[in-house]
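The values are calculated or read from the model by the stated rules, or taken from the named source; none is laboratory data. These numbers were taken from a predicted model, which means no experiment stands behind them. Because the Cβ atoms are built from the backbone with ideal geometry, glycine has one as well, and the counts that use them run over all protein chains shown.
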Amino acid sequence: MTSYPNNHKQRTEVLYGAQNVLTKLSKFFLESKIINVCGTDKALLLAFEMQDYKNLLKILKEKNAKIKYLTNITKDNLPLCKKILNHVDEMRHLDGILTNFSVSESEYLATSSLLNMQQPQPINQLICSNVDEIVEQQKSVFESLWNNSASAEQRIKELEDFYNIGRTEIIYNPSITKEILINLIKRSKSEVLLLLPTINAFLREYRIGVLNYLKDAAETRNLNVKILTPTNDEINTIIQKIQSNDLKNFIIYPFEVASQIKINTITIIIVDEKDSLVIEKTDDSKENFEDAIGLSIFSSSKPTVMSYVSIFESLINQINLYEQLKVQGKMQEEFINIASHELRTPIQAIIAYSDLIDNHPDEKGEMIDAIKRNATALQRLAEDILVVTKIESKTLVLHKEKTNLNELIIETIDDYKNNIQQNHNHDIKFKLQYLHANKKSYIVDADYQRILQVISNLLDNAFKFTKDLKENGEIYITIEEKKQETGQQYIIVNIRDNGKGIDSDIMPRLFTKFATKSNKGTGLGLYICKSIIEAHDGKIWAENNKEGKGATFSFSLPFLN
Amino acid sequence: MSSIIKNEKTINHKNKRILIVDDEPDIALAFKIGLEDNGFIVDVFNDAQVALINFRKGKYDLLLLDIKMPKLNGMEFFLKMKEIDDKVKVCFITASETYFYENLIKKIFNLLSTRSLFRKPIKLKELISALNKEFNC
């Protein structure tokens with residue numbers, strides 16, 4: 001199909017075959033100084049999806065040709081258009097472009113093989129012409145199209161705004177609401193937030209399979225699911241059943257009436273922070289989903305959806321705070337109970353022996369010892385409660401001075417052994433040994449009395465747990481130096497016993513207030529130790545011994561060289 | 001003070017046998033001495049498990065049980081003991097806040113003829129007169 005050229009070099013022809021077309025296109029891009037392209041989104045797709053055409057884009061970039069690109073920018077090809085913006089000098093938008101052609105200063109190319117293309121595949125038919133009249137004619141076609149087009153930047157902004165504004169719709173038909181609800185959940189990509197207002201709402205959603213579907217999606221495609229719901233025994237049983245796998249991305253937040261959450265007439269579902277569906281409930285007594293609901297409001301409008309997201313998050317915060325308060329209240333109650341038990345016990349002994357002492361002159365000495373012992377226990381508890389109060393009100397004052405830990409440990413052990421013999425009427429036999437009682441000085445900047453209190457407390461604990469072993473009870477203290485990566489040197493004191501070890505369920509809260517498993521003691525000792533050591537810029541920790549029975553408590557203090 | 005106590009004892013309840021289970025040796029001993037001064041015959045255990053092993057039907061007229069104890073608390077001890085001897089009188093004594101145990105106590109008091117729950121600290125005089133009242137019931 002050759003035209004009649006004005007001279008022998010000018011001709012119009014049709015090229016067939018993908019390779020021929022590609023060679024021609026490369027040549028065209030390499031040789032042209034001005035390139036005007038009018039293309040559909042299928043041309044765009046080729047340019048970014050097929051390797052050979054990607055290479056053409058490269059050529060364009062390296063060459064200094066001036067490129068104008070005219071296309072129909074739509075919501076669907078928006079990302080591609082934004083990409084091509086980086087490769088061309090100027091780009092504009094024209095509604096409804098269906099042709100694909102390029103025209104340079106001296107050549108015209110066009111193809112129709114893109115029109116019916118479904119999947120990206122190479123162009124295998126190309127009309128080429130370097131006939132002056134044709135080129136000129138096509139240039140002016142391009143010019144007039146170009147002049148009637150709109151700025152690409154403007155068009156892109158409009159599309160993005162439109163997309164963000166989204167739409168809001170009222171749905172009156174409950175069946176359609178149900179369909180939308182299920183579709184929303186099925187289409188969800190990353191997150192579903194669901195607020196259920198009543199027990200019956202939970203049951204209805206459960207019956208239509210929403211909860212099970214969400215759980216499966218959380219399991220199989222990692223969907224994040226958060227559900228807020230009131231609960232009763234029946235709901236709790238269902239929750240236990242569907243939460244059995246302990247999924248971290250499928251969380252049900254039960255809320256109590258006491259938590260003051262009063263949303264009880266609407267179900268809210270928010271999907272991927274993009275779409276929301278608010279369903280009005282008109283008759284909560286109905287079992288059937290469609291019978292119970294009235295109208296619903298769907299929205300993909302960003303401000304609306306994000307408001308629901310933030311309402312949802314506030315409710316979760318409120319539930320968490322309420323739970324924290326409850327825990328704190330329980331801890332406080334527990335403390336009052338423990339503290340009152342510990343206070344009344346020595347008082348009971350003191351009162352009883354005071355009553356008895358006059359009538360038992362022979363046992364007077366022993367009774368006075370018992371009174372002293374219990375008075376001391378009372379004093380220690382009062383001290384502990386006072387220290388905790390100071391720690392909590394941040395008024396604990398440390399009198400730091402250069403202290404030799406070595407001497408301090410030796411003194412503490414002596415004191416401790418004396419106290420034990422005094423305080424326990426019966427013979428106490430156990431091994432308490434300091435394994436590094438050498439002459440070396442371990443100087444730290446510390447409050448002597450407070451560190452002594454820490455070591456005594458730790459010894460007390462070790463003793464409590466080895467007491468049952470009688471003469472087989474062993475407590476060893478060791479001391480070591482350690483250099484941190486930062487260069488700071490620390491002294492570490494370890495107190496190791498062979499008792500029954502630390503219960504695994506108390507381990508995580510070992511150093512918190514009121515943690516006690518011994519049924520004796522206030523649960524304040526280790527909390528006080530931790531506070532004192534941390535006030536010295538040190539650390540305290542504990543672990544069960546890897547070899548053999550028992551536990552080792554350790555603390556570190558910065559070494560003063 | 002002690003004369004009043006002695007009067008009650010001589011009049012009412014000489015030789016009644018009492019078992020004290022309390023994990024605090026000082027308190028258990030003081031109660032034992034105080035009760036013995038008033039004519040009761042008293043055994044003491046500081047470990048509820050050991051007390052249970054040694055418990056025999058009909059050996060005691062009254063049990064005085066501490067509640068908060070390691071291993072086996074007073075309530076648990078009571079429930080196990082009841083299988084051996086369901087006639088013996090039982091009193092509880094505790095230094096804890098009683099609301100902590102209220103539900104348990106209510107449950108247990110349904111099983112008991114007595115309604116005695118004493119709170120530490122208690123004066124020996126008061127304890128003894130309370131026990132005497134138990135025997136008068």
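A few comments on the model shown:
- Candidates A:Ser314, A:Ser301, A:Ser307, filtered to the one that is more than 12 Å from chain B (Cβ to nearest Cβ) and touching a helix residue (DSSP H, G or I) at 6+ places or on another chain (Cβ under 7 Å): A:Ser301
- Residue in the stretch A:335-353 that is in contact with a helix residue (DSSP H, G or I) (Cβ under 6 Å, 6 or more places away or on another chain), in contact (Cβ under 8 Å) with a residue 60 or more places away in the chain and not assigned by TED's automatic domain parsing to the domain that holds A:Ile533 present: yes
- Meets criteria (of a type in the set (S, T, N, Q) and within 10 Å of chain B (Cβ to nearest Cβ)) for A:Asn320: no
- Look at (1) within 14 Å of another protein chain (Cβ to nearest Cβ); (2) more than 30 Å from B:Lys125 (Cβ to Cβ) and you find that A:Ala375 fails only one, number (2).
- Spans of strands (runs of 3 or more DSSP E) in the stretch A:38-123 with at least 3 residues in contact with a helix residue (DSSP H, G or I) (Cβ under 7 Å, 6 or more places away or on another chain): A:66-71, A:90-93, A:100-104
- Residue within the stretch B:15-28 that is part of a loop (DSSP other than H, G, I, E, B), out of contact with any Asp or Glu (no Cβ under 8 Å at 6 or more places or on another chain) and more than 10 Å from chain A (Cβ to nearest Cβ) present: yes
- Whichever residue in the stretch B:96-120 is surrounded by fewer than 18 Cβ atoms within 10 Å (Cβ to Cβ) and at pLDDT 85 or above and, among such residues, is nearest to the other protein chains (Cβ to nearest Cβ): B:Arg119
- Some residue of the stretch A:381-396 being within 27 Å of B:Lys68 (Cα to Cα) and within 11 Å of another protein chain (Cβ to nearest Cβ): no
- Against the test of being modelled with pLDDT under 80 and either assigned to a helix (DSSP H, G or I) or loosely packed, with under 15 Cβ neighbours inside 10 Å (or both), the options A:Lys429, A:Lys417, A:Lys464 yield a single qualifying residue, A:Lys429.
- Test: residue in the stretch A:270-288 that is closer than 30 Å to A:Leu524 by Cβ and crowded, with 19+ Cβ neighbours inside 10 Å: no
- Selection status of A:Leu343, within 12 Å of another protein chain (Cβ to nearest Cβ) and in a helix (DSSP H, G or I): yes
- Failed condition for A:Leu193, given (1) over 30 Å from A:Ile73 (Cβ atoms); (2) part of a helix (DSSP H, G or I): (2)
- Test: A:Asp369 is in a helix (DSSP H, G or I), in contact (Cβ under 8 Å) with a residue 24 or more places away in the chain, charged (D, E, K, R) and within 14 Å of chain B (Cβ to nearest Cβ): yes
- For the condition surrounded by 13 or more Cβ atoms within 10 Å (Cβ to Cβ), facing chain B (nearest Cβ under 7 Å) and farther than 23 Å from B:Leu127 by Cβ, A:Ile351 does not qualify.
- Which numbered condition A:Ile251 misses (of (1) more than 19 Å from A:Ser276 (Cβ to Cβ); (2) more than 20 Å from the chain's Cα centre (by Cα); (3) in a strand (DSSP E or B)): (2)
- Selection count where residues are surrounded by fewer than 20 Cβ atoms within 10 Å (Cβ to Cβ) and in contact (Cβ under 8 Å) with a residue 24 or more places away in the chain, scope the stretch A:69-87: 11
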